Amino acid sequence: MSEYIVRPARSADIVGIRNLLQPLVEQRILLGKDLAVLYGAVQEFVVAEADGVLIGCGALHVFWEDLGEVRTLLVQDDWLHHGVGRAIVDRLEENARTLGLSRLFCLTFEVEFFSRRGFTPIGEQVVDPDVYSQLLRSGDAGVEEFLDLAHVKPNTLGNTRMLKVL
């Protein structure tokens, strides 16, 4: 395997990110995202690239003053177990610290992977009631999953909600 780099995503990477995402959407592992949504979130993404080809990606979405989510983390099958996912999460954590975040959330089937990175499963409420009520107004599906709202339960069945204190 060749070397890879992890770098901030550019708008020219968005179609490639969608192409990486599509097989996992078809398997119902990740939620699909329209191109317009992906372009609008390009600044949240980092990508892993080898020989000019995208081999992985991940995004950091800020929820609140101290809280963000690692989302849309994926690595091409050929590159699994080569440190790519770890490198992407490390970069997202670095970005989170730069933004002043102190906690990261993820919703995942990959509990062991995130546990090795210091994430732990969480219970129902991890923000105070005032923040909770304000987050309810966001309209963001990831925030709704974080809040564990009943109407998104069918989309998250089997996923584990995890949190890391930075």
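The values are calculated or read from the model by the stated rules, or taken from the named source; none is laboratory data. Quantities reported herein were computed from a predicted structural model and do not represent experimental measurements. When we count neighbours, we look across all protein chains shown, and the Cβ atoms used for this are built from the backbone with ideal geometry, even at glycine. Keep in mind that these areas ignore ligands, DNA and RNA; they rest on the heavy atoms of the full protein, side chains included. Shrake-Rupley method; radii C 1.70, N 1.55, O 1.52, S 1.80 Å.
Take the solvent-accessible surface of the protein heavy atoms, probe 1.4 Å, and return the percent of it on region 25-99 that carbon and sulfur atoms account for.
Values: 1860 of 3900 Å².
That share works out to 48 percent.
Going by average Cβ density within 10 Å per residue, which order do the peptides 64-73, 13-22 take, highest to lowest? List each step's numbers first, then the result.
Values: 64-73: 20.2, 13-22: 17.7.
Top to bottom by mean Cβ count within 10 Å: 64-73, 13-22.
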